[in-house]
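Below is one structure, written out as structure tokens, with a few remarks after it.
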Amino acid sequence: MSTIKNPATIELNDIQSLLIRGHGQLPVCTFFLMQIREAREVRAWLKTIIQHVTPADHYDEEVSLNLAFTLKGLRALGLNEENLLNFPLAFREGMNSAYRQRILGDSGESAPENWSWGGEGLEPHLLLALYAADQKAMEKFRKLHLEYIERHSLKVIYQLDGYRR
């Protein structure tokens, strides 16, 4: 039996902080689920927002920002179908495919047509996840990013605010 050697280093600067840190030190959060209206405008926003995405090699005691895309979001940005085929099947099918509904038990009251977001017409293209140390820091951070969102042809379809006790 052979073993696979671990890489000498992990490129933490190329991984979003949430995947490594979990943001336990930042108990206040806001999640913006958004749809792309105009790809050109959103690509401009991405060039700006990328500077604010918190990499795993950075520790901030005040705020952190992470992004996630759905298949429909990547398609709306113009990623070609050949590249999209490289993503795992579960990602490509989405949460509301008939197969996923069966294996997850999403029927009746839990069916996609009853979801607050994610069902037909309310499928997000991307998630902007904001984390902060306290409510005051979150209000300032949220306001800044809402201004970016409003200027760059993104539509917030759902906002979820939370905190850890």
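Per-residue answers, yes or no, for (1) of a type outside the set (D, E, K, R); (2) touching a strand residue (DSSP E or B) at 6+ places or on another chain (Cβ under 9 Å):
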| residue | (1), (2) |
| --- | --- |
| K5 | no, no |
| I10 | yes, no |
| N13 | yes, yes |
| Q16 | yes, yes |
| G24 | yes, no |
| R37 | no, yes |
| E41 | no, yes |
| I49 | yes, yes |
| H52 | yes, yes |
- Message: Where the second residue is of a type in the set (K, R) and open to solvent by 10 Å² or more (accessible area, probe 1.4 Å) and the first is over 25 Å from Y59 (Cβ atoms) and lies in region 112-136, which pairs have Cβ atoms under 6 Å and are six or more apart or on separate chains?
- Response: E123/K72; H125/K72
- Task: Select from region 84-103 the residues that are of a type outside the set (F, W, Y), touching a helix residue (DSSP H, G or I) at 6+ places or on another chain (Cβ under 9 Å) and open to solvent by 90 Å² or more (accessible area, probe 1.4 Å) and list them in ascending order.
- Result: L85, M95
- Message: Looking only at region 132-161, count every residue that is in contact with a Ser or Thr (Cβ under 9 Å, 6 or more places away or on another chain) and open to solvent by less than 20 Å² (accessible area, probe 1.4 Å) and tell me the total.
- Response: 3
- Query: Out of curiosity, is A90 at pLDDT below 95, of a type outside the set (S, T, Y) and under 29 Å from L12 (Cβ atoms)?
  - Reply: yes
- Please work out which residue is farthest from V63 (Cα to Cα), limiting yourself to region 147-164 and to residues that are touching a residue at least 24 places away in the same chain (Cβ under 8 Å) and assigned to a helix (DSSP H, G or I). R151
- Residue count, region 105-120, condition in contact with a strand residue (DSSP E or B) (Cβ under 9 Å, 6 or more places away or on another chain) and either farther than 19 Å from A68 by Cα or exposed (fewer than 11 other Cβ atoms within 10 Å of the Cβ) (or both), comes to 1
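The values are calculated or read from the model by the stated rules, or taken from the named source; none is laboratory data. All values derive from a computational prediction rather than experimental measurement. Because the Cβ atoms are built from the backbone with ideal geometry, glycine has one as well, and the counts that use them run over all protein chains shown. Accessible surface is based on the protein model in full, side chains and every heavy atom, while ligands, DNA and RNA are left aside. Shrake-Rupley method; radii C 1.70, N 1.55, O 1.52, S 1.80 Å.
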